[in-house]
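Heads up, the thing below is written out as structure tokens.
The values are calculated or read from the model by the stated rules, or taken from the named source; none is laboratory data. Just so it is clear, the model here is predicted, and its values are computed rather than measured. Cβ placement follows ideal geometry from the backbone for every residue including glycine, while neighbour counts extend to all protein chains displayed.
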Amino acid sequence: MDLETLKRQLAAGESVEREFKSDRRQISDQEIYEDVVAMANASGGVLLIGVRDDGTVSGAKPRHGKTTDPVKLQAAIFNNTVPSVNTRISLVAHPDGPVIAIEVDPYPEPCATTAGKSLRRTLGGDGKPQTVAYYPRDHRSRRMDLGLLDFSAQPLQGTAFADLDPLEFERLRQTITRLRGDRSLLDLSDEELAKALRLVETQESGLVPNIAGLLLLGREPVLRNVLSTHEVHFQVLDAQQQVKANDAFHGPLLQTLEHLEARFAARNSEQEVAVGLFRLPVPDYSPVGFREAVNNAVLHRDFSQMQAVYVQWQPDHLLIANPGGFPAGVTLENLLVHEPKPRNPRLAEAFKRIGLVEQTGRGVDKIFLEQLRYGRPVPDYSRSDAYGVRVILRGGEASLQFAAFVFEQDKQGQPLTLDDLLVLNTLFFERQMDSETAATLLQKDRSNARATLERLHERGLIERRVNKRAPWYHLSAALYQRFHLKAEYIRAKGFEPLQHEQMVLEYARQHGGISRGEAAGLCQINVHQASRLLKRISSKNKEFQLVGNGRGARYVWKHHK
């Protein structure tokens with residue numbers, strides 16, 4: 001790590017992946033080993049010794065005579081951790097004192113110090129990073145997060161094939177037919193169907209259900225007895241957060257999903273908008289988006305945790321939450337582009353063949369698409385943390401005209417991609433953006449973001465404005481008119497011609513004149529646009545005239561004193 005990298009780390013502040021340690025009282029070697037183990041048991045990170053909690057450098061004390069030897073410290077960490085943890089250590093010369101930077105990679109197995117202490121970095125209840133004990137009960141969740149353990153594939157000793165409900169097999173066949181799943185499964189016997197979906201394991205005693213099999217087809221009393229962590233709540237809250245309904249489900253998943261969908265449909269009202277000869281229904285919430293969000297919550301939940309999946313219907317939004325954070329490698333910043341990584345692969349495989357989720361595993365994309373196509377804000381995952389994933393689907397008044405526009409594009413054979421809808425939806429709510437903002441929104445690099453913006457510009461859906469720094473974009477006049485937002489178009493585009501003229505004249509009055517470069521900087525436009533602007537003002541106002549030529553040319557205000 002060099003000085004510039006260190007400065008960026010200090011500016012970013014503490015996080016789960018970044019810990020500051022003041023060395024005012026020299027911290028012990030054992031404390032360093034514990035902090036390294038805590039990071040290795042989480043998502044890795046960097047430990048900065050000689051830095052106060054507020055990010056100011058206090059300086060690290062020498063650990064080996066008059067200096068600190070990074071190689072010796074690295075060897076000490078390696079020899080005092082189990083399994084031995086490799087680190088990268090730098091001694092960075094900061095103007096306010098030396099800083100020891102210890103970079104740690106995540107480890108695929110639980111780590112401890114040789115003294116037997118195991119810890120991990122996580123977010124506390126106050127949202128701040130902290131180091132906590134890493135108990136054996138947490139190890140299974142960690143292995144699941146890393147994709148090293150498929151909890152849903154484990155057989156449950158003490159259970160038998162008779163613990164699967166014949167009625168649920170019939171429900172499964174009906175679900176395959178309704179959702180157009182793998183129809184080759186329909187003619188199989190119950191035993192053959194369970195084998196084909198890999199919901200049972202063959203043992204000496206016969207066919208034994210695995211956890212995925214019990215979750216999908218198990219009898220409810222058996223589920224309550226051997227898999228008590230399986231629970232789903234559907235709650236309805238009013239504006240004062242009073243619970244108006246609280247239904248808990250402990251039965252097999254297909255039955256539970258039907259109950260959830262029925263309660264959702266009973267409350268999901270619709271409006272209609274005319275699109276030519278069609279009447280397009282626009283629901284409060286997309287049934288497809290809701291179904292995908294619930295399926296994701298069930299598939300990706302950590303069944304080893306004693307918590308439930310919650311679906312909360314609130315006056316202006318839906319909250320869907322499941323225990324267990326994002327799988328390792330998935331973050332809020334790459335949620336849309338990271339490859340699918342189910343926490344329970346065996347259960348996910350069965351869901352795909354049944355038809356409950358897409359074969360591609362891109363359920364998050366569908367949640368976003370369904371929310372955006374009705375002119376709703378993007379799904380909000382910002383409340384997620386290491387303990388759970390929480391998505392908010394905003395309700396409220398739908399944009400009927402936006403929904404009609406998306407429908408028209410589909411009918412015309414020019415469907416909008418998820419990237420297109422993300423840009424158009426954001427411009428609809430926030431009025432303007434540049435390519436850097438678009439890159440963050442799309443979770444892609446700036447070249448991909450610019451390509452999306454230019455494609456929409458070529459289709460006449462957005463307009464590009466150029467200033468001194470970079471182009472920025474807003475919805476086209478045609479779209480604003482289509483959405484009955486003519487006044488908003490003027491505000492988004494800005495009153496540039498009139499504003500720029502007034503700004504230039506005021507500057508000239510104050511300073512006696514203005515050059516092309518000064519006008520470009522003042523109005524945040526390029527010099528060619530500034531030249532045309534100055535000529536236009538001069539043609540209208542005889543007291544504002546050009547003096548000189550070439551680089552020394554300047555438009556002056558005749559009555560300046």
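Give, as residue ranges, the strands (runs of 3 or more DSSP E) completely inside segment 148-240 that count at least 2 residues that are farther than 22 Å from ASN295 by Cβ and not basic (Lys, Arg). Full working, then the answer.
Working: elements: 200-203, 206-209, 232-237.
Fully inside segment 148-240 and qualifying: 200-203, 206-209.
Looking across VAL294, VAL298, one residue alone is within 16 Å of LEU179 (Cβ to Cβ), crowded, with 18+ Cβ neighbours inside 10 Å and without any contact (Cβ under 8 Å) to a residue 60 or more places away in the chain. It is VAL294.
Filtering segment 334-362 to residues that are charged (D, E, K, R) and at pLDDT below 85 leaves GLU339, LYS341, ARG343, GLU358, ARG362. Cβ-Cβ distances below 8 Å connect the following pairs, each with a first residue in segment 398-410 that is part of a helix (DSSP H, G or I), a second residue that is among the β-branched types (Val, Ile, Thr) and buried (at least 19 other Cβ atoms within 10 Å of the Cβ), and a separation of six or more residues or different chains: LEU400/VAL282; ALA403/VAL282.
Could you list all residues from segment 316-333 that are modelled with pLDDT under 90 and of a type in the set (Val, Ile, Thr)? If the condition is that a residue be modelled with pLDDT under 90 and of a type in the set (Val, Ile, Thr), then VAL330, THR331 are the ones that fit. Summed over segment 483-526, the residues that are among the basic types (Lys, Arg), at pLDDT below 75 and in contact with a strand residue (DSSP E or B) (Cβ under 9 Å, 6 or more places away or on another chain) give a count of 1.
Out of ARG390, ARG450, ARG455, ARG464, report the one residue that is touching a residue at least 12 places away in the same chain (Cβ under 8 Å), touching a strand residue (DSSP E or B) at 6+ places or on another chain (Cβ under 7 Å) and either outside any strand (DSSP E or B) or not aliphatic (A, V, I, L, M) (or both).
Working: ARG450 fails: touching a strand residue (DSSP E or B) at 6+ places or on another chain (Cβ under 7 Å); ARG455 fails: touching a strand residue (DSSP E or B) at 6+ places or on another chain (Cβ under 7 Å); ARG464 fails: touching a residue at least 12 places away in the same chain (Cβ under 8 Å).
Just one listed residue meets the conditions, ARG390.
For segment 60-90, the set of residues classified as hydrophobic (A, V, I, L, M, F, W, C) and in contact (Cβ under 8 Å) with a residue 24 or more places away in the chain consists of ALA60, LEU73, ALA76, ILE77, VAL82, VAL85, listed by residue number. Residues that are surrounded by fewer than 16 Cβ atoms within 10 Å (Cβ to Cβ) and of a type in the set (Asp, Glu) were ranked within segment 221-252; the one that is farthest from GLU170 (Cα to Cα) is ASP238. Residues that are closer than 16 Å to PHE20 by Cβ and outside any strand (DSSP E or B) within segment 55-98 comprise GLY55, THR56, SER58, GLY59, ALA60, LYS61, ASP96, listed in sequence order.
Do we have any residue at all in segment 322-336 that's within 30 Å of HIS484 (Cα to Cα), in contact (Cβ under 8 Å) with a residue 40 or more places away in the chain and small (Gly, Ala, Ser)? Before you say what the answer is, go through the steps one by one.
Restricting attention to segment 322-336, the residues satisfying the condition of being within 30 Å of HIS484 (Cα to Cα) are none.
No: zero hits.
GLU109 satisfies every condition listed in (1) at pLDDT 90 or above; (2) out of contact with any His (no Cβ under 6 Å at 6 or more places or on another chain); (3) of a type in the set (D, E, K, R) except (1). Evaluated against (1) free of Cβ contacts under 8 Å to residues at least 24 places away in the same chain; (2) more than 30 Å from GLN241 (Cβ to Cβ); (3) under 21 Å from the mean Cα position of the chain (by Cα), LYS341 falls short on exactly one condition, (1).
Kindly provide the set of residues from segment 142-175 that are acidic (Asp, Glu), surrounded by 15 or more Cβ atoms within 10 Å (Cβ to Cβ) and either more than 16 Å from ALA212 (Cα to Cα) or modelled with pLDDT under 90 (or both), ordered by number. Those that are acidic (Asp, Glu), surrounded by 15 or more Cβ atoms within 10 Å (Cβ to Cβ) and either more than 16 Å from ALA212 (Cα to Cα) or modelled with pLDDT under 90 (or both): ASP145, ASP150.
Just one of the numbered conditions (1) crowded, with 18+ Cβ neighbours inside 10 Å; (2) under 19 Å from the mean Cα position of the chain (by Cα) is not true of ILE354: (2). Sub-9 Å Cβ pairs linking a first residue in segment 187-210 that is over 20 Å from ARG171 (Cα atoms) and in contact (Cβ under 8 Å) with a residue 24 or more places away in the chain to a second residue that is assigned to a loop (DSSP other than H, G, I, E, B) and hydrophobic (A, V, I, L, M, F, W, C), at least 6 apart or interchain, are SER205/ALA160; GLY206/ALA160; LEU207/ALA160; VAL208/LEU156; VAL208/ALA160, ordered by first then second residue. Restricting LEU427, LEU372 to those that are touching a helix residue (DSSP H, G or I) at 6+ places or on another chain (Cβ under 6 Å) and either within 24 Å of ALA274 (Cα to Cα) or not basic (Lys, Arg) (or both) reduces the list to LEU372.
Taking (1) in the same structural domain as ARG263 (by TED's automatic domain parsing); (2) at pLDDT 85 or above; (3) within 20 Å of GLY251 (Cα to Cα); (4) over 17 Å from the mean Cα position of the chain (by Cα) in turn, ARG301 satisfies each apart from (4).
Counting the residues of segment 522-561 that are more than 16 Å from ARG465 (Cα to Cα) and not in a helix (DSSP H, G or I) gives 18.
Only one of the numbered conditions (1) in contact (Cβ under 8 Å) with a residue 24 or more places away in the chain; (2) touching a strand residue (DSSP E or B) at 6+ places or on another chain (Cβ under 8 Å); (3) assigned by TED's automatic domain parsing to the domain that holds ARG301; (4) of a type outside the set (Val, Ile, Thr) is not met by ASP380, and that is (1).
Quick check on segment 35-52. Is at least one of its residues within 20 Å of VAL132 (Cα to Cα), among the charged types (D, E, K, R), surrounded by 19 or more Cβ atoms within 10 Å (Cβ to Cβ) and modelled with pLDDT of 90 or more? Yes, that holds for at least one residue. Of the residues making up segment 99-135, just one is without any contact (Cβ under 8 Å) to a residue 12 or more places away in the chain and either assigned to a strand (DSSP E or B) or surrounded by 17 or more Cβ atoms within 10 Å (Cβ to Cβ) (or both), namely GLN130.
Quick check, is ASN296 part of a helix (DSSP H, G or I) and of a type outside the set (Asp, Glu)? Answer is yes for this residue.
Return yes when VAL282 is within 23 Å of GLY363 (Cα to Cα) and either of a type outside the set (Asp, Glu) or modelled with pLDDT of 90 or more (or both) and no when it is not.
Values: within 23 Å of GLY363 (Cα to Cα): yes; either of a type outside the set (Asp, Glu) or modelled with pLDDT of 90 or more (or both): yes.
Here the answer is yes, as VAL282 does meet what is asked.
Could you list, in sequence order, the residues of segment 301-325 that are over 21 Å from LEU356 (Cβ atoms) and surrounded by 16 or more Cβ atoms within 10 Å (Cβ to Cβ)? Give the derivation first.
Step one: filter segment 301-325 for residues over 21 Å from LEU356 (Cβ atoms), giving 304-307, 312-317, 319, 325.
Hits for segment 301-325 are SER304, GLN305, GLN307, GLN312, TRP313, HIS317, LEU319, GLY325.
Within segment 63-112, the set of residues being over 22 Å from GLU4 (Cβ atoms) and of a type in the set (A, V, I, L, M) comprises VAL71, LEU73, ALA75, ALA76, ILE77, VAL82, VAL85, ALA112.
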